[in-house]
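S.K.: Quick one: the structure is below, and I'll ask about it shortly.
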Amino acid sequence: MTSYAMGLQPRCFALVPAAGVGARSGAAIPKQYVPIAGRPMLAHTLDALARVPGLAGTLVVISPEDDQFEAAVPGFDAAWVARSGGATRADSVAAGLRELQARGAQAHDWVLVHDAARCLLRPEWVSRLMAACAEDEVGGLLALPVADTLKHASASRVLATVDRAGKWAAQTPQMFRLGLLQPALAAGTEGVTDEASAIEALGHSPLLVEAPMENFKVTWPADFELAERLLRSR
């Protein structure tokens, strides 16, 4: 008899893939370690997750060659660091799921995958996602309805205006059961840009939970300055 059948409540784990180099950021070091408002970006992200009620733990997946994590996030529990990051985000998430299983996570437990570069995360946004998805058959993600006019382009020339009705910009965390997310990623990563797209490829429709624009992903050089101003204003 499974733990789920016996009535045990599913646990929630956060998983932060942080094995990338952040090539688009223009930084000389992996962008998760670039200082913002006096602390490495990743430290802000993990601090927000640490303040989310109900999370059983946060696993950080870094590159096997990473020699900066301990200095960037001093005091972080080493038991929750996996040096098994892969070449892609999907590879790192898949490795993280295996690590969570090794730590006792079950198929019915929830995994909230969050971008290390969304360092302006607030605990209450995560709590809202957890509450919305707790009884959902599929799971879901934080997202923001698109307000701008969208253009389809080629070589910096507009080819067409895209109808923005029903369009959402995906954010993270993205929350799915381990037993659903693992086979979704194993089915293939071509065209998979986030966990939700892997779930969608299996024919499921994740729930969209609205979050503010402030939960943006620090990607381009100008994003660092904006994140700095917002973090210092808190």
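The values are calculated or read from the model by the stated rules, or taken from the named source; none is laboratory data. A quick note: this is a predicted structure, and the numbers were derived from the prediction, not measured. Neighbour counts run over all protein chains shown; Cβ positions are idealised from the backbone, glycine included. Surface areas here come from the heavy atoms of the whole protein model, side chains and all, with no ligands, DNA or RNA. Shrake-Rupley method; radii C 1.70, N 1.55, O 1.52, S 1.80 Å.
S.K.: How many angstrom separate the Cα center of the range 117-188 from the Cα center of the range 193-218?
M.R.: 2
S.K.: 7 Å from Cα along Cα→Cβ at both Trp220 and Ala78: what's the point-to-point distance in nm?
M.R.: For Trp220 paired with Ala78, the spin-label model returns 4.1 nm.
S.K.: Between Ala153 and Ala107, what is the FRET efficiency for a Förster distance of 45 Å, r being their Cβ-Cβ separation, to the nearest 0.05? Intermediate values should be presented prior to the final figure.
M.R.: On the way: r = 43 Å, r/R0 = 0.95.
Rounded to the nearest 0.05, the efficiency is 0.60.
S.K.: Restrict the search to the range 111-148; then list the GluC sites (Glu not before Pro) that DSSP places in a loop and that have at most 14 other Cβ atoms within 10 Å of their Cβ.
M.R.: Working: sites: Glu124, Glu135, Glu137; in loops: Glu135, Glu137.
When the GluC sites (Glu not before Pro) of the range 111-148 are filtered for loop state and at most 14 Cβ neighbours within 10 Å, Glu135, Glu137 remain.
S.K.: Within the range 144-234, list the GluC sites (Glu not before Pro) lying in a DSSP loop whose Cβ has at most 12 other Cβ atoms in a 10 Å radius. Let's see the in-between values first.
M.R.: Numbers: sites: Glu190, Glu195, Glu200, Glu210, Glu214, Glu225, Glu228; in loops: Glu190, Glu214.
Filter output for the range 144-234: Glu190.
S.K.: Determine the relative contact order of the range 131-188: mean sequence separation of Cα pairs under 8 Å and six or more apart, normalised by residue count, in whole percent.
M.R.: On the way: 62 pairs, mean separation 22.1, N = 58.
Taking the mean separation of contacting Cα pairs over the length of the range 131-188, I get 38 percent.
S.K.: Find the accessible area per residue for the range 116-165; the probe is 1.4 Å, ligands and nucleic acids are left out, and the unit is Å². Each step should come with its number before you reach the end.
M.R.: Working: 2830 Å² over 50 residues.
Dividing the accessible area of the range 116-165 by its residue count gives 57 Å².
S.K.: Quick one: with all protein chains in place, what share of the accessible area of the range 49-131 is carbon or sulfur, to the nearest percent (1.4 Å probe)?
M.R.: Details: 1780 of 3450 Å².
Carbon and sulfur: 52 percent of the exposed surface of the range 49-131.
S.K.: Which whole-number percent gives the relative contact order of the chain, counting Cα pairs below 8 Å spaced six or more residues apart? Intermediate values should be presented prior to the final figure.
M.R.: Numbers: 412 pairs, mean separation 55.7, N = 234.
Here the relative contact order equals 24 percent.
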